[in-house]
Amino acid sequence: MDKDIKYYLIMAGSTNHMLRGDKILKDKGIETSLVPAPAEYGSVCAIAIKVKKEDKDISEKYLIENEIVIRGIYPEKPERLIGLIDRLKNTVIRDEFLDVLRKVEHGKDLSYEDIVLLLKTDRKAEIKALFKAADEMRKKIVGDVVDIRGAIEFSNYCKKDCKYCGVRKGLKDLQRYRMSEDEIMEVVHSLHDIGIKTVILQSGEDVWWTKEKIGNLITRIKKETGMKITLSLGERPREEYEYFKKLGANNYLLKIETTNEEIFNFIHPDDDINVRKECSRYLKELGYLNGSGCIIGLPGQREEDIAKDILYFKDMGINMIGIGPFIPAKGTPLEKYPTGSVDLTLKAVAVTRLVCKRVFIPATTALASIDSNLQADALMAGANTIMLINTPPKYRYNYQIYSDKNMVDLKSAYDAVTGAKREFPPYLKIDMEVYNNATNAEK
């Protein structure tokens with residue numbers, strides 16, 4: 001068994017010690033990544049520092065020297081799903097499909113060809129088996145609790161002209177808005193009051209929100225609430241990412257959308273895929289929990305492209321992976337294109353869980369915008385996170401990155417979590433059963 005161990009997971013005594021410890025090790029030249037802690041080792045959505053086997057002892061030494069509290073150091077064991085094939089023995093599944101799932105059962109890495117095979121299946125029994133395997137992997141790695149985060153879309157100004165996006169700069173009829181710092185903080189406090197641990201600050205690439213203005217906002221959130229902060233502000237210079245990190249930003253979401261350079265260039269007329277990838281490398285080097293993701297159903301996209309996206313997430317050590325269907329936005333060059341396949345989106349979620357394993361995968365708002373029940377389906381296919389939309393109503397309608405975006409609130413989160421027979425996080429300070437009463441009243 002010991003020869004199978006390639007990495008160790010270091011559990012620090014607190015989030016502060018974990019972040020400090022990760023920086024100390026990086027400064028010492030040790031390659032680290034921040035990953036969700038195994039369900040048996042950490043509290044809800046706890047984060048571990050992942051180091052190579054050969055760096056374990058020196059990492060422990062450096063952390064102790066710098067008075068970082070260590071709760072435990074555990075081997076990262078290959079994630080096996082023992083008995084998976086036996087549990088599928090009465091299903092009608094092709095031998096080649098079973099061969100791939102047998103790799104999953106034994107904790108072996110999936111190849112590009114394996115991933116394409118899983119994504120391309122249209123057989124009901126195989127899709128069901130795929131979702132079952134992904135759900136078992138999710139349960140084994142991160143448990144049954146669904147992490148719930150709150151998003152504030154604080155500006156719909158954007159300097160970019162992405163062809164699919166409903167806040168692209170070329171939309172002349174869109175009513176633009178920028179929330180003030182005090183407006184944002186009012187929502188932040190409302191999230192903090194109900195126990196939400198992470199606030200997501202999302203906007204277009206708005207040059208008005210300078211490094212200093214974002215910095216002031218981060219400082220206020222940390223000082224007044226202590227909440228974790230996820231930023232989603234687009235491409236910025238490395239020095240700005242570093243500045244935000246020093247002030248306390250924890251996570252950064254910057255989706256690649258697609259790793260197919262031809263498709264990327266088509267949908268991003270004023271972007272460069274190499275710059276996007278470089279920004280993701282900066283974020284990883286600076287110690288952010290690094291978020292990315294892809295859109296399913298982009299023009300010209302094939303399953304082979306999605307397989308390459310998933311392997312990119314794995315190779316880059318992406319921590320948070322958002323996968324949602326393409327939904328056309330009115331007034332954009334792609335408004336006449338068809339909506340992306342829900343089935344393929346859910347298959348991509350499932351395969352991503354099997355390939356990337358120890359990651360956060362949201363049940364995306366885009367799925368909920370097609371059908372409110374689809375978030376529960378995503379949770380049963382490997383997802384483990386829900387992002388609430390907390391943008392004030394007077395602004396919310398004008399942040400339509402795709403048309404007819406659904407409102408994901410606590411009630412819809414309740415429906416998704418209970419529909420998937422999952423658990424609410426214990427940090428919530430509200431009785432979620434009030435939403436059960438609301439659901440029953442509607443019925």
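Summary table
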item	result
Vicinal HN-Hα couplings computed from phi for the stretch 314-325 (Karplus, 6.51 cos²θ - 1.76 cosθ + 1.60; Hz; Gly/Pro x)	5, 5, 7, x, 5, 8, 10, 10, x, 10, x, x
Among Asp193, Asp409, Asp173: highest mean-square fluctuation, GNM of the chain, C-alpha pairs under 10 Å	Asp173
Residues Glu181, Glu262, sorted so that the one with the fewest Cβ neighbours within 10 Å comes first	Glu262, Glu181
Cα centroid separation - the stretch 43-92 against the stretch 240-260, whole Å	24
Inter-label distance, nm, simple model (7 Å from Cα along the C-beta direction), Asp270/Asp109	3.9
Gain on full stretching of the segment that runs from Lys330 to Lys6 - 0.36 nm per residue minus C-alpha separation	111.8 nm
The chain - mean residue ellipticity at 222 nm from DSSP helices (-39,500 (n - 2.57) per run, n ≥ 4, rounded to 500)	-12500 deg cm²/dmol
Which listed pairs, of Lys228/Lys284; Lys277/Lys357; Lys308/Lys405; Lys160/Lys336, have C-alpha distances above 23 Å, in listed order	Lys308/Lys405
Choice from Arg276, Arg353, Arg87 with maximal GNM fluctuation in the chain (Cα, 10 Å cutoff)	Arg87
In nm, spacing of pseudo-spin labels at Ser180 and Asp122 (7 Å Cα→C-beta vector)	5.6
Under-5 Å amide H pairs with Gly72, H placed in peptide plane, nonlocal only	Met11
Separation of the Val207 and Lys52 label points, Cα + 7 Å toward Cβ, nm	4.3
At 1.306 mPa s and 10 °C, Stokes diffusion of the stretch 103-246 via Kirkwood alpha-carbon radius, µm² per second	85
Per-residue ³J(HN,Hα) for the stretch 158-175, Karplus 6.51 cos²θ - 1.76 cosθ + 1.60, θ = phi - 60°, Hz, x for Gly and Pro	8, 8, 9, 10, 4, 5, 9, 9, x, 10, 4, 5, x, 7, 6, 8, 6, 6
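None of the figures in this text is laboratory data; all of them are computed from the coordinates on show. Note that the structure is a prediction, hence the values are computed from the model and not measured. Note: ideal-geometry Cβ built from the backbone for every residue, glycine included; neighbour counts use all protein chains shown.
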